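Worksheet for the structure shown next.
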Amino acid sequence: ILRLAGAFLIFTEGPLPPRVYLDPGGSLPLVFSREDRRAAASTALLLDDPAYEARFNHPLYDAMVVSEGVGGWITGDLTAHKGVYRVLPNHCLDLDTWSSHRYWPCKDTFERWTPLGVAADKAASAMSHFTALACREFRLALSLTAGFDSRLLLASAKESLPRCSFYTFTAPGAQIDIDVSQELARRFSLRHQLLTVEAATEALADMRDRFAR
């Protein structure tokens with residue numbers, strides 16, 4: 001599996017144990033419920049509407065998501081729903097026990113690992129190079145929020161700031177994104193724009209429905 005590239009899931013059966021393996025980067029999401037003995041790409045596909053509401057873990061969601069600016073996202077293999085777990089990168093889902101297990105790295109490969117500092121430098125260099133190329137080829141506008149991902153993308157654009165712009169949606173509940181993005185824009189002299197999110201008009205809704213048909 002480690003020699004393969006791309007986004008994929010591998011199912012094994014027959015002479016092999018019944019398992020689902022993710023690609024090494026965990027590109028395709030997979031969640032599962034031992035109680036239901038089912039797996040899906042998302043909790044919304046795994047549970048019906050009543051179960052989705054009944055098993056929603058409000059205290060966990062409030063602590064980990066609503067407070068994202070001071071906390072983080074839902075970590076590890078947890079999801080926002082009780083009894084529903086995420087299969088992490090380098091893990092497989094055992095369909096006999098409905099539990100996930102790490103398949104890589106193995107303990108005997110540690111000495112061959114790239115040191116963390118070296119790996120981080122390589123990743124940062126690759127991201128910066130990618131952003132610079134994108135800025136040269138396209139008119140680039142990057143979404144800017146209080147989240148870690150967008151701030152990491154901003155860091156990758158450090159050498160390309162004159163050639164890219166930034167935007168933030170002013171959706172309800174996004175005040176922390178608005179405040180942090182504006183502070184970042186002031187600190188780094190970014191070309192930054194707040195975009196107001198508004199309810200679709202009847203004409204736009206009709207256009208959407210016609211395209212859907």
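The values are calculated or read from the model by the stated rules, or taken from the named source; none is laboratory data. Predicted model, so just to flag it, every value in this text is computed and none were measured. Here the Cβ is made from the backbone with ideal geometry for all residues, glycine too, and neighbour counts use every protein chain on show. SASA here: full protein model, heavy atoms, side chains in, ligands and nucleic acids out. Shrake-Rupley method; radii C 1.70, N 1.55, O 1.52, S 1.80 Å.
Quick notes on this structure:
- Scanning segment 1-38 for residues that are surrounded by 12 or more Cβ atoms within 10 Å (Cβ to Cβ), free of Cβ contacts under 8 Å to residues at least 40 places away in the same chain and not charged (D, E, K, R) returns Phe8, Leu9, Ile10, Thr12, Ser27, Leu28.
- Checking each residue in segment 157-197 for being over 25 Å from the mean Cα position of the chain (by Cα) and either in a strand (DSSP E or B) or surrounded by fewer than 12 Cβ atoms within 10 Å (Cβ to Cβ) (or both) picks out Pro162, Arg186, Arg187, Ser189.
- Among (1) in contact (Cβ under 8 Å) with a residue 24 or more places away in the chain; (2) out of contact with any helix residue (DSSP H, G or I) (no Cβ under 6 Å at 6 or more places or on another chain) - the single one Asp62 does not satisfy: (1)
- Note on segment 91-110: residues that are outside any strand (DSSP E or B), open to solvent by 60 Å² or more (accessible area, probe 1.4 Å) and closer than 14 Å to Leu22 by Cα total 1.
- Members of segment 18-53 that are out of contact with any helix residue (DSSP H, G or I) (no Cβ under 9 Å at 6 or more places or on another chain), closer than 16 Å to Tyr85 by Cβ and polar (S, T, N, Q): Ser42
- Within segment 31-58, the set of residues being more than 17 Å from Asp77 (Cα to Cα), under 22 Å from the mean Cα position of the chain (by Cα) and not in a helix (DSSP H, G or I) comprises just one member, Leu47.
- Applying the set (1) outside any helix (DSSP H, G or I); (2) open to solvent by 80 Å² or more (accessible area, probe 1.4 Å) to Thr114 leaves exactly one unmet item: (2).
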